[in-house]
1. With the stretch 157-241 as the region, which helices (runs of 4 or more DSSP H) entirely inside it contain at least 2 residues that are closer than 21 Å to W264 by Cβ?
2. For N247, only one of the following conditions fails: (1) part of a helix (DSSP H, G or I); (2) farther than 22 Å from E28 by Cβ; (3) not β-branched (V, I, T). What is its number?
3. In the stretch 101-134, what residues are outside any helix (DSSP H, G or I), out of contact with any Leu (no Cβ under 7 Å at 6 or more places or on another chain) and not aliphatic (A, V, I, L, M)?
4. With respect to the numbered conditions (1) farther than 21 Å from A248 by Cα; (2) within 16 Å of the ligand (Cβ to nearest atom); (3) in a loop (DSSP other than H, G, I, E, B), which one is the sole condition not fulfilled by A49?
5. Which one is surrounded by the most Cβ atoms within 10 Å (Cβ to Cβ), of the residues in the stretch 221-278 that are in contact with a strand residue (DSSP E or B) (Cβ under 7 Å, 6 or more places away or on another chain) and on the phi > 0 side of the Ramachandran plot?
6. Looking at T156, T135, T174 in this structure, which one is surrounded by fewer than 23 Cβ atoms within 10 Å (Cβ to Cβ) and either free of Cβ contacts under 8 Å to residues at least 40 places away in the same chain or within 13 Å of the ligand (Cβ to nearest atom) (or both)?
7. Is there a residue being touching a strand residue (DSSP E or B) at 6+ places or on another chain (Cβ under 7 Å), within 19 Å of V9 (Cα to Cα) and of a type in the set (S, T, Y) anywhere in the stretch 152-163?
8. May I ask you to verify whether L181 is within 16 Å of the ligand (Cβ to nearest atom) and either more than 17 Å from V287 (Cβ to Cβ) or hydrophobic (A, V, I, L, M, F, W, C) (or both)?
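Each value in this text was obtained by applying a stated rule to the coordinates, not by laboratory testing. Note that the structure is predicted; figures quoted are calculated from it, not measured. Positions of Cβ are backbone-derived with ideal geometry, glycine not excepted, and every protein chain shown enters the neighbour counts.
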Amino acid sequence: AKAPVRVAVTGAAGQIGYSLLFRIASGEMLGKDQPVILQLLDLPQAQKAVKGVMMELEDCAFPLLAGMIATDDPNVAFKDAQVCLLVGARPRGPGMERKDLLTENAKIFTVQGAAIGQHAAPDVKVLVVGNPCNTNAYIAKEIAVKYGRVSAKNFTGMLRLDHNRALSQLAGKTGREVSSLKNLVVWGNHSPTMYADYRFTTSNGDKVPALVNDEAWNRDVFLPTVGKRGAAIIEARGLSSAASAANAAIDHIRDWVLGSNGEWVTMGIPSDGSYGIPEGIIYGFPVTTENGEYKIVQGLEIDQFSRERMTHTLNELLEERDGVKDLLA
Ligand code: NAX
């Protein structure tokens, strides 16, 4: 039997955690033959609720769940972790400015980045879900690598929910099966500025832009629908996306670890300078994954409309980076 993989999950008592943990424990993320140990982090006041979730996990009698711990100490939660899902974050409270949200979260992710840098497995794979996820991932990466153990490329942010939302909208518009759609990209920040780009997307060999055959739809319907989907879910449900976010996190890690079989997926990754995106910024890129590594899809033509969108979402990320630079000094 395989040795268990240690998976740390933060915000374990939250609503995404409640959708996520059961699927990890059932083998949907790392494979049906891969035992896992869950290392759950949440705030002190949430420990009782975490215990409740652990009781339910026990009651599932998952064959692959080889152990679990709960803690409010990041140094304990990330100890020897091979996968870290950073879900817990400070939500925007009443009267809180965007800037306050950024700095409140920056404090959390500097602490967690330091704990990962010192205690996680050297080849740890980190996915940040908690918003603003790209910049939170950037902060954790910048701090963690200072300890010289873990590598910058393994800090990622979640664009997969945007990717999946875009796939679903395209399937609806074209009448094609969602599984038939290949080669979609979501560039940039996980925010309404993201740029979902279906110029290269195909369905059973047909070009999706030709199937859509509606120039205005992209700008007037598709991009706003995908960009504002999170707000639409809150409006409808009274709560933010949770099961779909957990699903996207599972997809992201599964593909990263087990491979995408040549298919493009979107990951928020530290830029290597590709497509003119400044090095180090956590930006949504099209990647393929193999043997636990991702590779950016190169050579895509960037037309003027795309460049404008890519720059717009980049500028937001640069602004966020500037907003936290004092904390990283
Ligand atoms: P909840 O408020 O239900 O749960 C958050 C949990 O995190 C709580 O249990 C809280 O106690 C815990 N927490 C807060 N600070 C913590 C810290 N410093 N260390 C450990 N745990 C901490 O939120 P939920 O709906 O689960 O959403 C979690 C995060 O995901 C939010 O930041 C949210 O904005 C973000 N999302 C990101 C998405 C993405 O695509 N990247 C989509 C869904 C979601 O909006």
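1. The qualifying helices (runs of 4 or more DSSP H) are 160-174, 208-212, 223-227.
2. That leaves (2) as the condition not met.
3. P122, D123, K125, N131
4. (3)
5. Among those that are in contact with a strand residue (DSSP E or B) (Cβ under 7 Å, 6 or more places away or on another chain) and on the phi > 0 side of the Ramachandran plot, it is G259.
6. Only one candidate passes the filter, namely T174.
7. Keep residues of the stretch 152-163 that are touching a strand residue (DSSP E or B) at 6+ places or on another chain (Cβ under 7 Å), which gives 152-160, 162-163.
Going one step further and asking which of them are within 19 Å of V9 (Cα to Cα), we end up with 154-160.
Next, only the ones that are of a type in the set (S, T, Y) stay: 156.
The answer is yes, given that some residue of the stretch 152-163 is touching a strand residue (DSSP E or B) at 6+ places or on another chain (Cβ under 7 Å), within 19 Å of V9 (Cα to Cα) and of a type in the set (S, T, Y).
8. No: the conditions fail for L181.
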